[in-house]
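The values are calculated or read from the model by the stated rules, or taken from the named source; none is laboratory data. No experiment lies behind these values; they were computed from the predicted model shown. Ideal geometry is used to build each Cβ from the backbone, glycine not excepted, and the neighbour counts take in all protein chains shown. Heads up: the accessible areas ignore ligands, DNA and RNA and are worked out on the full protein's heavy atoms, side chains in. Shrake-Rupley method; radii C 1.70, N 1.55, O 1.52, S 1.80 Å.
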Amino acid sequence: MTSHVIHCAWRLVIVVFGICCLAAGVFLLQNWIDIFTRLRGKEMALSPTSPAFEGWKVSPLPLNFDVYLFNWTNPEDLYVGSKRKPHFVQLGPYRFREKPDKVDIVWHNQNASVSFRKKAYFYFDAEGSNGTLQDVVTSVNSIAHAGARRLAELNSFFHFFASTSLSSSQQVHVTHTAEEWMFKGFESSLINLGKLISPENVPYDRFGYQYQRNGSSGFDGDLNMFTGADDPRKMGEVYTWNNLTHTGAFKGDCGKVRGSMGEFFPPNLSTNDSVHLYMPKMCRAIPLDYTETVTVHGVTAYKYSGTRHAVDNGTLFPETSCYCVDGQCQPAGVINIKNCMYNSSIFMSYPHFYLADPSYLAAVDGLQPEKEKHEFYMALEPNAGVPMDVGGGFQANYLMEPTPGVALFARVPTVLMPLMWAEERVRVTEEIASNIGLVPLIVLLGQIFTGILLAGGLICTCWYPTRQLTRLCQGDPKSKVKVLRPLTTFAVIGSGAATSPASRQQLLQSPSTHERVGVRLLDYRRNSSL
C-alpha cells in the first residue's frame, strides 16, 4: 500500500469521525436536558429506598411556624354610622418549632403514586417569640355570628326565641388567651348546642385557629401524589385529596386537585412558567408566577411569588371567575372558602391585605402591607425543581355583616375583619445548596461537551477541504495551474473553437502552452463573469 493511499485513508477517517461528532453534537443539543432529566428521575424517583425518601418523610431542615394574632381594640364602636373604624393591633410572632412527619404511607405501583397523611408536632419557642401564650386577645365572635346566620332557617317562633337568647348571652366580640386562640382552643355553649342540633356540620368540640392540628394526622386529610417513577416531570404532583380529584368547593378547573405539596416541583423550569401549590385548607391550588432570578448560597434560583393572579376572582383575570362562590364576587384580593370551612364566612388573603383591593384596607385601622414582610414566595432551583428558600403565608379574615332579626348583629356594618395569619420561612443550608448546585453544574458540563463535539466535528469535517483551498489561495501560480489543469484541459478540448486534431494534440503535449492557455482562459472567464 503506497503512502498516497494511506494518506487518503486517514483523510477519510478524519472526515467520517468529524461527521459522527457533528451528528452526536446535534443530537445532544436537542436532547441533553431530557436525557439528564430522565437519568436523574430514575435515581431520584420517590420510593422506600430512594435517596429522596428520608428527606421527604422527615424534613432535614429546622422549621419555624410563626403565628400573628390581631387584637381588636374597639369592639364597642362596631355599628352602622360609627365614626371609628375597627382598629387592630398585630401581636406576635408566636413562634413554634415544627416537627413534621409523613405517616400511613401506602405505595401504588399501578399508577406510580403514594398515599400518606401529614402529621406534625408544634413546640412553643419562647425565645423566638414576641409575646407569651397568656397574652389576652380580643377578636370577633364568629361563632355567635355564624349561629345568627343559621337562625334564618328556623320558623318564626323558634327564630324569636333563639335570637333573643343569643342576643342576651353573647357579644360581638370574645376575649381569650393567645394559646386558646391557636392550638388549645376554647369551649363555647353555642358549639355544644350546634353539635346537638346538627352534629354533621359541627365536627369539633372546641374553637381555635389551629385546634386539632398539633399531633394530628387528619388535619390536612388524605393525600395522594405521583412518585415520578414513570415520568420525572410528575414527581410530587398531588393526584387526589381525600380520594377526590375535584374538591367541589369551586366550579370547573378552580376546584381541581393539582399542584405540589411543597417538596417537589417540575424540573427544567423557565421564566415563562408558573408553579402551583396545593392548599388543603383552602380546597384549591395557589398559582405562583415567576418574578425574578435570585441566588441562594451561590446557586441560581427562580423566584415564584403569589401575585394578584392568585387572589383574583375574575376582576383582573377572566379565567379566575370560577372562584366566585354562589354567584357572589367580592372585590379582588380575597378568596372565599366558605364551602371548604363548614359554610362559615371565612376569606383568605395575603397578610395585611397585601395586593388586595384598597377597599379592604380602608375599612379598618392598624394594618400596613409591606412586600418584604408579606410576600408569599418560593425560590426554586430551575433544573431540579427543588425549593431553596420559602417564605410568607396567608391571612384568615371573617366577613362581618348585618343579620336582620337578631338584635346583636342587626346594626353591624359589612366589613372584613382580620383574625390571624401564619407563615413558615425555610432556607436550605450551604451544604444542601452545594448538593443541589451539582444539578446545574452537570447540565452545564453536558452543554460544554455538546459544544466540543460540534466544534470538533466541524473542524474534522472541514479540515482537509479548507487546507486544500488555503494552499490554492496562498500558493504560487504554477501550483494553482496544476490544481486547475483538469478543468482547463476539459475546457480547451470541449470548447467550440475550430482547431484541428493535430493542433489539439500539440496543445496538450506542450506544458508551457497549456499553462499559458489555461491561465488566460481562466482570466477570460473571470473577467466575463462566467
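Residue count for segment 56-78, restricted to those that are surrounded by fewer than 15 Cβ atoms within 10 Å (Cβ to Cβ) and under 30 Å from residue 431 (Cβ atoms): 4. The listed residues are 128, 81, and the only one of them that is open to solvent by 30 Å² or more (accessible area, probe 1.4 Å) and of a type in the set (Gly, Ala, Ser) turns out to be 81. Here is a check on your reading of the model: is residue 19 more than 36 Å from the chain's Cα centre (by Cα), more than 30 Å from residue 361 (Cβ to Cβ) and touching a residue at least 24 places away in the same chain (Cβ under 8 Å)? For residue 19, the condition - more than 36 Å from the chain's Cα centre (by Cα), more than 30 Å from residue 361 (Cβ to Cβ) and touching a residue at least 24 places away in the same chain (Cβ under 8 Å) - is met.
Restricting attention to segment 9-19, which residues are surrounded by 12 or more Cβ atoms within 10 Å (Cβ to Cβ) and small (Gly, Ala, Ser)? Of everything in segment 9-19, just one residue is surrounded by 12 or more Cβ atoms within 10 Å (Cβ to Cβ) and small (Gly, Ala, Ser), namely 18. Of all residues in segment 369-424, those satisfying the criterion of being in contact with a helix residue (DSSP H, G or I) (Cβ under 8 Å, 6 or more places away or on another chain), of a type in the set (Asp, Glu) and over 25 Å from residue 208 (Cβ atoms) are 370, 381.
Of all residue pairs spaced 6 or more apart or on separate chains, those with beta-carbon atoms under 6 Å, a first member in segment 447-459 that is in contact (Cβ under 8 Å) with a residue 40 or more places away in the chain and a second member that is open to solvent by 100 Å² or more (accessible area, probe 1.4 Å) are 450/29.
Of everything listed in (1) open to solvent by less than 70 Å² (accessible area, probe 1.4 Å); (2) more than 30 Å from residue 360 (Cα to Cα); (3) in contact with a Lys or Arg (Cβ under 8 Å, 6 or more places away or on another chain), the single unmet condition for residue 121 is (1).
Of all residue pairs spaced 6 or more apart or on separate chains, those with beta-carbon atoms under 7 Å, a first member in segment 339-367 that is within 22 Å of residue 149 (Cβ to Cβ) and a second member that is charged (D, E, K, R) and modelled with pLDDT of 95 or more are 363/85; 364/85. Here residue 201 fits the description: within 25 Å of residue 324 (Cα to Cα), over 18 Å from the mean Cα position of the chain (by Cα) and in contact (Cβ under 8 Å) with a residue 12 or more places away in the chain.
The rows are residues; the columns are (1) modelled with pLDDT under 80; (2) in contact with a Pro (Cβ under 7 Å, 6 or more places away or on another chain); (3) in a helix (DSSP H, G or I); (4) of a type outside the set (S, T, N, Q).
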position: 128; (1), (2), (3), (4): no, no, no, yes
position: 158; (1), (2), (3), (4): yes, no, yes, yes
position: 163; (1), (2), (3), (4): yes, no, yes, no
position: 175; (1), (2), (3), (4): no, no, no, no
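Just one of the listed residues (39, 22) is exposed (fewer than 14 other Cβ atoms within 10 Å of the Cβ), hydrophobic (A, V, I, L, M, F, W, C) and farther than 25 Å from residue 425 by Cβ, namely 39.
Evaluate segment 208-228: report whether one residue or more is in contact with a His (Cβ under 6 Å, 6 or more places away or on another chain) and either more than 30 Å from residue 125 (Cβ to Cβ) or at pLDDT 85 or above (or both). Before you say what the answer is, go through the steps one by one.
At the first step, the residues of segment 208-228 found to be in contact with a His (Cβ under 6 Å, 6 or more places away or on another chain) are none.
Checking segment 208-228: not a single residue is in contact with a His (Cβ under 6 Å, 6 or more places away or on another chain) and either more than 30 Å from residue 125 (Cβ to Cβ) or at pLDDT 85 or above (or both).
Condition (residue is at pLDDT below 95 and in contact with a strand residue (DSSP E or B) (Cβ under 6 Å, 6 or more places away or on another chain)) applied to segment 238-245: is it met by at least one residue? No, the conditions are met nowhere in segment 238-245. Scanning segment 42-55 for residues that are open to solvent by 80 Å² or more (accessible area, probe 1.4 Å) and part of a helix (DSSP H, G or I) gives 42, 43, 54.
Checked across segment 57-77, the condition of being under 23 Å from the mean Cα position of the chain (by Cα) and more than 29 Å from residue 351 (Cβ to Cβ) holds for at least one residue.
Going residue by residue through segment 297-304, is there one that turns out to be among the basic types (Lys, Arg), under 19 Å from residue 373 (Cα atoms) and touching a residue at least 12 places away in the same chain (Cβ under 8 Å)? Full working, then the answer.
Applying the first criterion (among the basic types (Lys, Arg)) to segment 297-304 yields 303.
Now restrict to residues that are under 19 Å from residue 373 (Cα atoms): 303.
Cutting the leftovers down to touching a residue at least 12 places away in the same chain (Cβ under 8 Å) gives us 303.
Yes, that holds for at least one residue.
In the set (1) modelled with pLDDT of 85 or more; (2) open to solvent by 90 Å² or more (accessible area, probe 1.4 Å); (3) not β-branched (Val, Ile, Thr), the condition left unmet by residue 498 is number (1). For residue 396, the requirement of being surrounded by 18 or more Cβ atoms within 10 Å (Cβ to Cβ), within 27 Å of residue 312 (Cα to Cα), aliphatic (A, V, I, L, M) and at pLDDT 95 or above is met. Just one of (1) touching a residue at least 12 places away in the same chain (Cβ under 8 Å); (2) of a type in the set (Gly, Ala, Ser); (3) closer than 30 Å to residue 234 by Cβ fails for residue 321. It is (1).
The condition (being touching a residue at least 60 places away in the same chain (Cβ under 8 Å), over 26 Å from residue 370 (Cβ atoms) and in contact with a Pro (Cβ under 7 Å, 6 or more places away or on another chain)) is satisfied by just one residue among 80, 114, 67: 80. Restricting attention to segment 324-338, the residues that are among the polar types (S, T, N, Q) and out of contact with any strand residue (DSSP E or B) (no Cβ under 6 Å at 6 or more places or on another chain) add up to 2.
Each residue in segment 173-221 was checked for being surrounded by 15 or more Cβ atoms within 10 Å (Cβ to Cβ), in contact with a Lys or Arg (Cβ under 6 Å, 6 or more places away or on another chain) and among the acidic types (Asp, Glu), and 1 of them qualify. Pairs meeting the criteria (first residue in segment 225-242 and under 16 Å from residue 263 (Cα atoms) and open to solvent by 60 Å² or more (accessible area, probe 1.4 Å), second residue hydrophobic (A, V, I, L, M, F, W, C) and not in a loop (DSSP other than H, G, I, E, B), beta carbons under 9 Å, at least 6 apart or on different chains) are 237/225; 237/226; 239/223; 239/225; 239/226. For segment 305-314, the set of residues classified as in contact (Cβ under 8 Å) with a residue 24 or more places away in the chain and either more than 19 Å from residue 269 (Cβ to Cβ) or of a type in the set (S, T, N, Q) (or both) consists of 305, 307, 308, 311, listed by residue number.
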